[in-house]
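The values are calculated or read from the model by the stated rules, or taken from the named source; none is laboratory data. Because the structure is a prediction, the values reported are computed rather than measured. When we count neighbours, we look across all protein chains shown, and the Cβ atoms used for this are built from the backbone with ideal geometry, even at glycine.
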């Protein structure tokens, strides 16, 4: 800023400030005006204001305020030059402040704009004009003025001035509100990277922001965003109309690949709506339907326009769409069926469906999940399903024929299943064992006597995980089943169910015996996840053999995750057992449900000290499961 000394002007400015402090505003204005007229830029005449600038209009168009201040097409610009004289700028700024104090904001704004006209490269005009704009409740205009001042002065000597720092302070309360950039103004690849991370519900909300957002989101370049239609998270007050669904499907270019409907009854999924979905999903890969409203299916599985690329099918409380399944029998890779609805016909299952009939329909199926269904397992059935890699069964009733427990072991442990990678069995009860707690418990002799079955054939060669719930695995049988997978290092996850007697003393002896029976597993380097359930050791162990679980788990050098549950323990004792386990292992995560309240807080504190996370509840379930090619 120019320091053109003018003693008279300095005296006038000082005098005006004294009047201002004493709230004598009229003499203050006179002093500041006389000081302004003493500046050499006036050429001895009265200098007027520029009449060709409109800073607020320029700001509304997001054009450059600095460029507006620099150009002048009226007579003032031709008669007078710009002025950086500090006394001139101070006098004009103080006069604007005086008008502010007198609540004459229009005159204050004119003086502020005059400062900006005289010295566009100094922060003073931007600072004064922004303050006046805030007093006029034009906050966005004030924010743009402050930004323009920061941009104009940041690369000049004025960036070291006190007024420049005040620009940042004045802008701060407005910046959080008005510093918003339309992301759709960014490069297309950046925009697509951002919106690709949004879920379906968020995308629907984005359509309501503006017409330009909707036009961009539904354009041809973003068809891929709408290929996943997830109506599970969205809960509309009323079922969407047919027209709304047609419009939504058009956003994907009528090429939906992933459809989930959480409540088909509430969605009012009729036959016509279902076929309309499939007409816009010729390459449908994933279909999930819950809670049937009415029967839905395609008309003819042999029709040319029927979808034939369906890979994953999830049905819950929903009747199997017969023709759709037949049309995609060669492409289906995973099926999840919960609360199976039964029907009559060539594709129907009997009252207790046979797994053999189910599997025969899908020769290329890789993953099958049956949840809350009744299942018949006949010892006479021979099943060949070489493509199956994942089998998960949550069956509430096992109807096993002939000898007890002979059907299910033979069904699962056939040579044709040797490439199975993940096996999960949860059973509520069996006909022979109402508690549902038996599976392969010393029944190898029964299997051998029942037919020409070699015990050596009961081996999984590529099994990666074996998860059991209320299903007890015989240790001798399990060593034969899992020995090969342990030796080749493929088995990484295993559950051990104890099934303790009710009597605590007998239970402690039984639990210790179960640990001894599984000593063949100790030291397996491939095991990274273990689940131990329904055990009960001695309440007050006298020797190490009374509490073998910590040492047993500590024998696995690469164990990272433990899932531990037992209803036979109270909270405090269970938390203490887990602390003992942490001392003997190198775990990273523990899933448990026995320790609660204060005991859980103490347990988590102890776990954090050794870098272990304690999670209350069950491990997250992954479906479909990750599988590897042969």
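Side notes on the structure shown:
- Residues that are part of a helix (DSSP H, G or I), out of contact with any helix residue (DSSP H, G or I) (no Cβ under 6 Å at 6 or more places or on another chain) and either surrounded by 17 or more Cβ atoms within 10 Å (Cβ to Cβ) or at pLDDT 85 or above (or both), drawn from the stretch 28-50: 30, 33, 37
- Boolean, residue 214 is over 22 Å from residue 316 (Cα atoms) and either assigned to a helix (DSSP H, G or I) or more than 18 Å from the chain's Cα centre (by Cα) (or both): yes
- For the stretch 42-64, a residue qualifies if it is within 16 Å of residue 110 (Cβ to Cβ), within 44 Å of the chain's Cα centre (by Cα) and touching a residue at least 24 places away in the same chain (Cβ under 8 Å), and exactly one does: 56.
- Residue check for residue 159: surrounded by fewer than 20 Cβ atoms within 10 Å (Cβ to Cβ), outside any helix (DSSP H, G or I) and touching a helix residue (DSSP H, G or I) at 6+ places or on another chain (Cβ under 9 Å): no
- Count - residues of the stretch 546-571 that are crowded, with 16+ Cβ neighbours inside 10 Å and in a helix (DSSP H, G or I): 6
- Any hit, the stretch 92-105, residues being surrounded by 17 or more Cβ atoms within 10 Å (Cβ to Cβ), at negative phi, modelled with pLDDT of 90 or more and not in a helix (DSSP H, G or I): no
- Unmet requirement for residue 146, which otherwise passes all of (1) in contact (Cβ under 8 Å) with a residue 40 or more places away in the chain; (2) over 30 Å from residue 43 (Cα atoms); (3) crowded, with 23+ Cβ neighbours inside 10 Å: (1)
- Just one residue in the set 310, 248 is part of a loop (DSSP other than H, G, I, E, B), within 27 Å of the chain's Cα centre (by Cα) and at negative phi; that residue is 310.
- Members of the stretch 65-91 found to be under 57 Å from the mean Cα position of the chain (by Cα) and either surrounded by 20 or more Cβ atoms within 10 Å (Cβ to Cβ) or assigned to a helix (DSSP H, G or I) (or both), listed by number: 65, 66, 67, 68, 69, 70, 89, 90
- Of the residues 315, 278, 269, the single one that is closer than 24 Å to residue 625 by Cα and touching a residue at least 24 places away in the same chain (Cβ under 8 Å) is 315.
- Where residue 536 falls short, out of the listed (1) in a loop (DSSP other than H, G, I, E, B); (2) over 38 Å from the mean Cα position of the chain (by Cα); (3) surrounded by fewer than 18 Cβ atoms within 10 Å (Cβ to Cβ): (3)
- Given (1) under 56 Å from the mean Cα position of the chain (by Cα); (2) surrounded by 14 or more Cβ atoms within 10 Å (Cβ to Cβ); (3) in contact (Cβ under 8 Å) with a residue 40 or more places away in the chain, number of the condition residue 6 does not satisfy: (1)
- Residue that is modelled with the lowest pLDDT [pool: residues in the stretch 595-626 that are assigned to a loop (DSSP other than H, G, I, E, B) and buried (at least 17 other Cβ atoms within 10 Å of the Cβ)]: 624
- Residue that is in a helix (DSSP H, G or I), surrounded by 16 or more Cβ atoms within 10 Å (Cβ to Cβ) and under 24 Å from the mean Cα position of the chain (by Cα), where the choices are 141, 184: 184
- Whether a residue is closer than 24 Å to residue 48 by Cβ, out of contact with any strand residue (DSSP E or B) (no Cβ under 6 Å at 6 or more places or on another chain) and surrounded by fewer than 19 Cβ atoms within 10 Å (Cβ to Cβ) was assessed, and residue 121 passes this test.
- Single residue of 117, 169 found to be assigned to a helix (DSSP H, G or I) and either in contact with a helix residue (DSSP H, G or I) (Cβ under 9 Å, 6 or more places away or on another chain) or at positive phi (or both): 117
- Flag for residue 95 being within 16 Å of residue 42 (Cβ to Cβ) and in contact with a helix residue (DSSP H, G or I) (Cβ under 6 Å, 6 or more places away or on another chain): yes
- For the stretch 493-502, a tally of residues being touching a helix residue (DSSP H, G or I) at 6+ places or on another chain (Cβ under 9 Å), crowded, with 18+ Cβ neighbours inside 10 Å and more than 14 Å from residue 518 (Cα to Cα) returns 2.
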